Each structure stands twice: as structure tokens, then as C-alpha cells.
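For reference, the structure discussed in these notes is given below.
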Amino acid sequence: MQVTRVENLSKEKFIEEHLLGNKPVIVTDGMKSWDRDKFTPEYLKSQFGDTFVQVYDDLFNLQNVDTLSTYIDKNFNRTEEEGRALEYMRWYTKLKDVDFYWSDDVFDALKPFWSHPYFAPMDSLAIPCSMGEAGKDITKSRFPYKGLFISGKGSRTRLHRDPFGSNAILCQFYGEKKMYLYHPDKVDSVMNGDEFVDVMNVDHNKFPDFSNIEADYEDTLKPGEIILFPSGWFHDVTCISDSISITWNFVHSMELPKLYNFIENNPEDGQLEILRFFLKDKVSADAGINEIKPFFESKLVGV
Ligand SMILES: O=C(O)CCC(=O)C(=O)O
Ligand SMILES: [Fe+2]
């Protein structure tokens, strides 16, 4: 089945039907006024070619850092003989192991060319929350998990779900991505402990139930389209052409009980380290739910 495509989506409907309703959606008119010409390999190379960026494998394991030009020259416009690109550039704001803001300069430079999607709430979010007034306009926010994804044809983000039950928005600027989406209820078929099934190369011993299920959605994201991966949904994404996207994670204030639950049940989750880092002026480095919760509650006054 394909994901429902909509236009003229109101914020209320987006929150009600898609965030709280936990239903994926593709918005086809969300990037209409954006300057997509600035999100091409040529333009990005001309502006940021010498900048060092993070190169990952097909999950989220950092492999290397390379200049943007090196990555593009090696992974874009590959010939049949060269085969598919294996490296995936995910240019995130913040990395777990370094304490500087990696992609903020590039996002600052690109700020004039896109905007906070018209249907995406800005003033009723719990996350992003940490960077003052700019924090909630995603073009200005310095929150982690905002990334510019630059990826050659054939490269892939294997099946996963996003951190601490957050939602993700993925904006497709250039090229196309083939996507498989699995409902959160299918967790026992697609996960074994911390491991996710590789949907293209299934280990049936580890994932015996996978052959009994099907993807809830199978679709291709086209340039100019924005998809919501709601909280808990598993997604597998393959670039079927050279591709440029922006993605970020967020939690709506009405989803806070779910976030609290997650933190309470997964106090050691590695991703929470990054959340704490971004709340560092407000909570201690090892803050648990008792410290994090009042912070969010205080932010919500007046929402
Ligand atoms: O575009 C991709 O490769 C993966 C996107 C993704 O996982 C996300 O936006 O959460
Ligand atoms: Fe994701």
C-alpha cells in the first residue's frame, strides 16, 4: 500500500490524525516556496565542498569523515561498472562523541532557502526545546537529529526506528527514495533484542516471524515531497537515485507521557545522552526522569 498523499494539510489535522493518530503521511505541497535549486550536488559542492562531513554505513555507524567534494565525486553519478554507492553522508548537527555543532554552519547558510513546513507545529513541541526562541523553527534550531542527508544511488538507511519514540520528518530535495514502513506493533517480527532485521537480506534464524508479515507501506518519495515517519514506525530507505534530503526528529507536547515512559523504561538508552547534552544548562549530565520531567513541564506552561 502507498502512503496517503495530501496537500493543504492543517496543523490541527496533522497533529490529530498523524501525530496522535500515529499514521504516516506524505505532504506534496510542503516545499513549494522553497529554493530547491540550492540543494543540488553542484551548489552544495560549490559552497561547502571543502568542509569535512560524516560518512556512515547503511545504519548509523560512523565510518569516516571526508570533504563534501570527495564524497560527492566518489558516490554520485556512479556508472554501472562502479556499482551502487555504499557510503551514506549524514551531516548531523551534533555527534555523540564530539562536543561541537557539526552542521550548524551549513544550516545557517541554507536557512534562507527553505522554511519550517507550514503544517508542522512550532509552538506546541516538547522537542526541539533547548535553544531558546530559535529552537522550534527547524531552519534555525540547533537541536541534534537534524541532518542534511547526501547519498549516492544505491546507498541505504537500513530498517530502524527513531530515537526515544520521536517522530521524523524527511524532506526530499533531490532524487528519489524507495521506502518500506512497518507498524510499531510489528516490533517482535522486525527486532531481535537491539537488532533490526535487514529487510533485503533476512536472517530467518534471528527473525523467524519476519516471513509472516508484510510492510504496511511501500512507496517512493519524490523531489518536493515531505514524509512523516510517526513515533515508533520502522522504516527502511534506499536511494534509487543520487539524493539530497533534510530530516529531523521532534516530540509534540501531547506525546510527552510517551516520552516519559520511554525514559523511565530505558534509562540507559544511549540516545538520551544527546538529549541531556542539549538540556545541559538545565539538567545534570546523568539526569533521569525525575529531573527531566519538571523541565518539560515548565516549558509547557501556556502551550
Ligand atoms: O532518508 C534516509 O535515508 C533515512 C531517513 C530516516 O530514517 C528518517 O528521516 O528518520
Ligand atoms: Fe529514521
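Here are some notes:
- Spin-label model distance (nm) - Ser241 vs Asp203, 7 Å beyond Cα toward Cβ: 3.5
- FRET efficiency for Thr28 and Asn61, using Cβ-Cβ distance with R0 set to 41 Å, rounded to 0.05: 0.80
- Gain upon complete extension [Lys74, Glu268; 0.36 nm per residue less C-alpha separation]: 66.1 nm
- Against the empirical 2.2 N^0.38 Å (N residues), segment 108-214 has a Cα radius of gyration ratio of 1.33.
- Per-peptide average of other Cβ atoms within 10 Å, ordering 284-294, 13-23 highest first: 13-23, 284-294
- Estimated FRET transfer efficiency (Glu218, Glu195; beta-carbon r; R0 25 Å; 0.05): 0.65
- Across segment 5-255, the convex hull enclosing all Cα atoms gives 129 Å³ per residue.
- Ranked by the mean number of other Cβ atoms within 10 Å per residue, highest first, peptides 160-166, 242-248 order as 242-248, 160-166.
- Segment 5-255, relative contact order in percent, only Cα pairs under 8 angstrom and at least six apart counted: 26
- For Ile127, the amide hydrogen comes within under 5 Å of the amide hydrogens of Val251, counting only partners 5 or more places away or on other chains and with H modelled in the peptide plane.
- Distance violations [Cα-Cα > 30 Å] among Lys111/Lys186; Lys38/Lys258; Lys32/Lys293; Lys146/Lys177; Lys140/Lys186; Lys74/Lys222: Lys111/Lys186; Lys38/Lys258; Lys32/Lys293; Lys140/Lys186
- Near Ser241, the amide H atoms lying under 5 Å from its own belong to Gly154, Glu176; only residues 5 or more places off or on other chains count, and H is placed 1.01 Å from N.
- Reducing segment 218-258 and segment 3-41 to their Cα centroids gives an inter-centroid distance of 10 Å.
- With kT/(6 pi eta Rh) evaluated at 20 °C and eta = 1.002 mPa s, and Rh the Kirkwood radius from Cα pairs, segment 145-303 diffuses with a coefficient of 124 µm²/s according to Stokes-Einstein.
- Residue-span extension gain [Asp37 to Lys13] - 0.36 nm each, minus C-alpha spacing: 5.6 nm
- Global form of segment 17-114, assessed from the alpha-carbon gyration tensor, a/c cut-off 1.5: rounded
- Residues whose placed amide H lies under 5 Å from that of Thr4, excluding near-sequence neighbours: Ile26
Laboratory data are not the source of any read-out in this text; all were calculated from the coordinates shown. Only a predicted model underlies this, so the values are computations on that prediction, with no experimental measurement involved. Quick reminder, even Gly has a Cβ in these numbers, built from the backbone with ideal geometry, and neighbours come from all protein chains shown.
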